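For reference, the structure discussed in these notes is given below.
The values are calculated or read from the model by the stated rules, or taken from the named source; none is laboratory data. The shown structure was predicted, so the numbers you read here are calculated from the model rather than taken from an experiment. We place every Cβ from the backbone using ideal geometry, glycine too, and count neighbours over all the protein chains shown. Quick note on the areas: whole protein, heavy atoms, side chains included, nothing else; ligands and nucleic acids left out. Shrake-Rupley method; radii C 1.70, N 1.55, O 1.52, S 1.80 Å.
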Amino acid sequence: KAMAEVLSKVLYPEDNNYEGKSLRLKQQYFFVSASVQNIINKHMKQYGTLATLPDHIVIQINDTHPTMVIPELIRILVEEKAFSMDEAIEVVSKTCAYTNHTILAEALEKWPLADLKKVCGKTADVIEYLDKSVKEKHSDKAVHIIDENNLVRMANMDIHYTFSVNGVAHLHTEILKKDELNHFYKI
């Protein structure tokens with residue numbers, strides 16, 4: 001029982017304090033980065049090019065916890081695989097899909113940009129680039145990735161940079177289209 005409790009505290013830290021939130025963010029980034037690197041390595045061994053990634057791979061973002069896969073994959077493609085930023089964004093947007101799990105705005109994950117910069121600075125730079133692109137296209141603040149409080153809205157990033165967005169059920173998807181994510185549905 002003691003071992004289970006210790007393991008749970010490490011795997012599922014309480015996020016009602018800075019240390020717990022920081023650990024949770026580090027965990028999310030670590031698992032996303034490790035998964036992306038594994039996907040890239042396997043794909044390269046089998047196909048020899050990452051340009052075909054969307055033809056063979058779908059990365060399903062199941063809720064907002066793995067959202068960092070979007071900027072992390074872009075970062076790796078640009079920094080390590082010689083893609084242009086536009087090419088990387090296109091590949092990632094055709095590879096990733098998003099399932100939303102809540103209709104409550106307050107339950108959608110948000111991270112302070114400053115915390116992201118501490119944990120994964122270069123990936124946070126990609127998020128700022130993605131947000132700038134969104135702001136150039138859309139004046140509606142409801143669809144921006146980084147809000148006026150410098151919070152990164154993970155679901156917004158998912159919606160802008162994936163090829164498919166859905167709720168967990170048809171009814172859920174319809175509610176999202178009519179209410180919580182209506183700004184995006186109009187776009």
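Do any helices (runs of 4 or more DSSP H) lying entirely in the stretch 1-104 carry at least 1 residues that are polar (S, T, N, Q), and which ones are they? Don't jump to the end; show me each part of the working.
Details: elements: 2-11, 18-47, 53-56, 69-81, 85-95.
It comes to 2-11, 18-47, 85-95.
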The residue that is surrounded by the fewest Cβ atoms within 10 Å (Cβ to Cβ), considering only those in the stretch 162-187 that are farther than 16 Å from Ala107 by Cα and touching an Asp or Glu at 6+ places or on another chain (Cβ under 9 Å), is Lys186
For the stretch 84-98, pairs from a residue that is free of Cβ contacts under 8 Å to residues at least 12 places away in the same chain and under 12 Å from Leu50 (Cβ atoms) to a residue that is among the basic types (Lys, Arg) and open to solvent by less than 30 Å² (accessible area, probe 1.4 Å), with Cβ under 8 Å and 6 or more apart or across chains, are none
Quick one: which residue in Asp158, Asp147, Asp140, Asp131 is within 22 Å of Phe30 (Cα to Cα) and acidic (Asp, Glu)?
-> Asp158
Pick from the stretch 29-83 the residues that are open to solvent by 10 Å² or more (accessible area, probe 1.4 Å), touching a helix residue (DSSP H, G or I) at 6+ places or on another chain (Cβ under 8 Å) and charged (D, E, K, R): which of them is farthest from Ala155 (Cα to Cα)?
-> Lys81
Collect the residues in the stretch 134-161 that are open to solvent by less than 20 Å² (accessible area, probe 1.4 Å) and hydroxyl-bearing (Ser, Thr, Tyr), keeping them in residue-number order.
-> Tyr161
Please indicate, with yes or no, whether at least one residue in the stretch 97-109 is over 29 Å from Lys26 (Cβ atoms), modelled with pLDDT under 95 and open to solvent by 80 Å² or more (accessible area, probe 1.4 Å).
-> no
